[in-house]
Amino acid sequence: MRYAVVEVEKLRPHEEVRAGLVAKLVDEIRRDGFVRKPVLVESRHFVILDGHHRYEALIRLECRRIPVYVVDYEDDGIGVTTWPEATVKTVTKAEVIERGLRGTPFPPKTTRHVLSFTLADVRVPIDELR
């Protein structure tokens, strides 16, 4: 795993977002003036694994760059499942990558990535991302 700040255009979402949650995050980030939690992305194609709402909030805040943790998605310490309320009941890592590459995202809050390791919070001022 490595930390980086990357161009927005490099990232590929695999899941749609909920407008209300994005709006809440926009307000929170604007109020705080910084980003606390990097987006989690896989290393080969930069498909977003976790943080779709943060990604969308930062785009709406006119950020050109986004803090990310880049991980090897093949790592056994990263698992994928679905949320209880998801309409899709099973999903594989290959499907996550395929959806991100094709631009055909799952509905919001479908996939849930489970990590065997902890990701540290950061404090990146929003002005550094614009």
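The table below lists the values:
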{"read-out": "Stretchable slack from residue 45 to residue 126, in nm (0.36 nm times residue separation minus alpha-carbon distance)", "value": "26.7 nm"}
{"read-out": "For residue 122, residues with placed amide H under 5 Å, excluding near neighbours", "value": "37"}
{"read-out": "Inter-site label distance for residue 94 and residue 23 at 7 Å from Cα along Cβ, in nm", "value": "4.1"}
{"read-out": "Dimensionless Rg ratio for the stretch 2-129, taking C-alpha atoms and the 2.2 N^0.38 Å reference", "value": "1.01"}
{"read-out": "Structure-based [θ]222 nm, the chain - -39500 (n - 2.57) summed over DSSP H runs of at least 4, per residue, nearest 500", "value": "-7500 deg cm²/dmol"}
{"read-out": "Equivalent ellipsoid, the stretch 17-65 (semi-axes from 5 times Cα gyration tensor eigenvalues, Å)", "value": "19, 12, 9"}
{"read-out": "Built amide H within the under 5 Å cut-off of residue 14, gap 5+", "value": "48"}
{"read-out": "Of the trypsin sites (Lys or Arg not before Pro) in the stretch 5-49, those whose Cβ has at most 15 other Cβ within 10 Å and which sit in DSSP loop", "value": "18, 36, 44"}
{"read-out": "Point-to-point label distance, residue 72-residue 59, nm (Cα→Cβ direction, 7 Å offset)", "value": "3.0"}
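Quick note: the coordinates plus some simple rules give every number you see, no bench work behind them. Predicted, not measured: the structure shown is a model, and the values here were computed from it. Note that we place each Cβ from the backbone using ideal geometry, even for glycine, and neighbour counts take in every protein chain shown.
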